[in-house]
Amino acid sequence: METMKTSMKSLLGIVLCILLVSSCRKETPGNSKGSVAFKFQTTDVSTLKSSGAETEPVAAAIIVTIYKNKGGEPTDLVYDKEKLELSYLNGAYISEGLPMPQGAYYLTEFLVTDTSNKIIYAAPKAGSNLAQLVAKPLPLYFYTNLNTESIITPEVLKTDTSTLEDLGYSGFSFNYVKSTKFLMSVFYKKTGGSLIDWVDSSQLFITSPKGKNYNFILKGGKASPVYVNSDSGNYVLTVWSKGYTSWSDTLTLNQLGGHATMPLNVILTSIDSPTIWFLSAGSISHPYYGPGIDTRSVTDFYVDWGDGTNEKVTSSDNHYGFTKRNKFGGDRLVQIWGNLPDIWKLIFGGSRYDGTGFYKADIGNASKLEELYLTYTCPKFSLEKLASLKLIQYYFSIGPVNIENCTNLEVIRFIQSSPDTLDIRTNNKLKSLVFDGKTVIIFGKNPSFNEIHLADYYPLTMTVEQLNKLFIGLLASVESSPRAGTIKDLDIDIKPTGEGLQAAQKLKNTYHWTYDFNIE
């Protein structure tokens, strides 16, 4: 019995000690307690064991910076470069737990150090040169729950072939992503001439053996470092720059790695003529066609397709100048030069499935362009130099709508794609407008304007208020420059009210405007 009492006393003593130790642990800030830990795993055996110590992992600690999440942004600093020790178990690293109040956070820095405090891995930050090598660059969002330990696994890159600047500068659980670095330089020469100088800035587009796309800006004056995930197979590299022909080549990973210290030199040829150009963001699964060009006469053009190929194309009178309208899949810069003022019609074609297509362009050198069609694509460009433009059509797309300088414009068509506002005060030759009724039209005198078509292929969603504004604005224009006209509609079941109704009645009774729908 005495032995049992002694044993019970010992057990109670042990429990009491445990309770005392627990009560002395660092408390989690705030009222709600949770914690977070970080996990790291690598299959690179050479990094798991230090030389001379067969079982000791090289990675010893992590350094993390964490911010509170407020409104979807990292705001209040919670931990600044906090160091956590790592343990190695069953082929993976796991950090000690970091006490955290329950809530939402962002991991903004994540570094892994060895036993000598040397940084050996780091998680790249969004916007850095190496961010596109991982699926989720920093900052990483995570949430800690009450009485629960969250495990975070950021992706990290080795730092032996890159600098912290390349990584955007610190993670929780992470996966090692193997990468390859190589150098590239881009020069140019004139046609038939010798090497001249660096290209100031060029775009490098890479497709990996696994179909992953990379984009890099290569600056002139020095070799640029380029990083890709290390995959077996062929990489397709394409380089383009405005005013130069494009370049493309297919290289293996070993060939790329062979340029780790000696740059891969690319030589472009300068285009010594005015061009029109288009930047595309293509979908491999849903390629699209373009561009389409009509000319006034038989004309020779030169086209660089942005994939390392260029060719001479002879247009036919009143037919598409580019009978070979290439299928586009992937990013590229298309440049065209030759007798550009002979172009009278230009068509941008996009993909109806995912909206990809030409997203930026400069067509100002097609100075006598009369018709412009945008189909399933939304390029950004200026209409400022296109004073000769007579027709512009937007079909399932919205491009530039600043038409102030398009003083010869006669027809505007918005089909399934109306802008919020449209200012036509300077377009005195404008005759016809097609839109879905939701656009606010800023009228001027517009003495030639006599047709509005509220039609589309689907029922309108125009409101009574929008219809009223249309009639009121139109009446003010007609009163300043009297004329008859018509408003056509395919499917509308609303009627103007109040001042809008009065304006519609006056247009009809005084200025002889007609409608193919009832206004009363």
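Since every read-out is calculated from the coordinates, none of them should be taken as a lab result. Note that the structure is a prediction, hence the values are computed from the model and not measured. Methodologically, a virtual Cβ is constructed for each residue, glycine included, from the backbone with ideal geometry; neighbour enumeration extends over all protein chains shown.
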| query | What distance in nm separates the simple spin-label points at ASN265 and SER35, each placed 7 Å from Cα in the Cβ direction? | reply | 5.9
| query | Quick one: if the Förster radius is 56 Å, what FRET efficiency do PHE517 and ASN234 give, using the C-beta to C-beta distance and rounding to 0.05? | reply | 0.40
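Among MET184, MET100, what is the fewest-to-most ranking by other Cβ atoms within 10 Å?
Values: MET184 20, MET100 25.
Exposure proxy ranking, most exposed first: MET184, MET100.
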| query | Which residues does a label at SER382 reach in the stretch 393-436, if reach means a backbone N under 17 Å from a point 7 Å past the Cα toward the Cβ? | reply | 400-407
| request: State, to one decimal in nm, how far the label point of LYS360 lies from the label point of GLU499, with both points 7 Å from Cα in the Cβ direction. | output: 4.3
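Taking R0 as 22 Å, what FRET efficiency do you get between ASP249 and ASN310 from their Cβ-Cβ distance, rounded to the nearest 0.05? Display every interim value, and only then the final one.
On the way: r = 15 Å, r/R0 = 0.69.
For R0 = 22 Å, the calculated efficiency reads 0.90.
Sort TRP198, TRP240, TRP247, TRP277 by Cβ crowding within 10 Å, fewest neighbours at the top.
Working: TRP198 15, TRP240 28, TRP247 19, TRP277 22.
The fewest-first ordering by Cβ neighbours comes to TRP198, TRP247, TRP277, TRP240.
Beyond a 23 Å Cα-Cα separation, which of these cross-linked pairs lie in this structure: LYS242/LYS312; LYS345/LYS445; LYS488/LYS508; LYS189/LYS242; LYS158/LYS210? Kindly include the intermediate steps, with their values, before the conclusion.
Details: LYS242/LYS312 18 Å; LYS345/LYS445 28 Å; LYS488/LYS508 13 Å; LYS189/LYS242 14 Å; LYS158/LYS210 21 Å.
Pairs exceeding 23 Å: LYS345/LYS445.
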| request: Could you list SER448, SER194 in order of exposure, starting from the residue whose Cβ has the fewest other Cβ atoms within 10 Å? | output: SER194, SER448
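Using 1/(1 + (r/R0)^6) with R0 = 41 angstrom and r between the beta carbons of ARG425 and LYS210, what's the FRET efficiency to the nearest 0.05?
Numbers: r = 53 Å, r/R0 = 1.30.
Between ARG425 and LYS210 the formula returns 0.15.
Going down the list LYS39/LYS222; LYS68/LYS219; LYS70/LYS380; LYS360/LYS390; LYS81/LYS178; LYS190/LYS385, which pairs span over 32 Å between their C-alpha atoms? Kindly include the intermediate steps, with their values, before the conclusion.
On the way: LYS39/LYS222 39 Å; LYS68/LYS219 37 Å; LYS70/LYS380 34 Å; LYS360/LYS390 21 Å; LYS81/LYS178 25 Å; LYS190/LYS385 28 Å.
The pairs that break the limit, which is 32 Å between Cα atoms, are LYS39/LYS222; LYS68/LYS219; LYS70/LYS380.
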| query | With point charges of +1 on the Cβ of Lys and Arg and -1 on the Cβ of Asp and Glu, referenced to the Cα centre of the stretch 410-520, which listed residue (ASN468, GLY444, ILE494) lies farthest in the positive direction of the dipole? | reply | GLY444
| said: Going by amide H atoms built from the backbone, whose H comes under 5 Å of the H on LEU98, apart from near neighbours? | reply: VAL36, ALA37
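Taking the Cα centre of the stretch 70-208 as origin, work out the dipole magnitude from +1 charges on Lys and Arg Cβ and -1 charges on Asp and Glu Cβ, in debye rounded to 20.
Details: 11 positive and 15 negative charges, 111 e Å.
Computed charge dipole of the stretch 70-208: roughly 540 debye.
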| request: For the stretch 106-119, just list the computed ³J(HN,Hα) in residue order, Karplus coefficients 6.51, -1.76 and 1.60, θ = phi - 60°, integers in Hz, with x standing in for Gly and Pro. | output: 10, 8, 10, 9, 8, 10, 10, 10, 9, 5, 9, 6, 7, 6
| task | Tell me the label-point distance for the pair GLN102, GLU465, using the 7 Å Cα-to-Cβ offset, in nm and rounded to one decimal. | result | 4.2
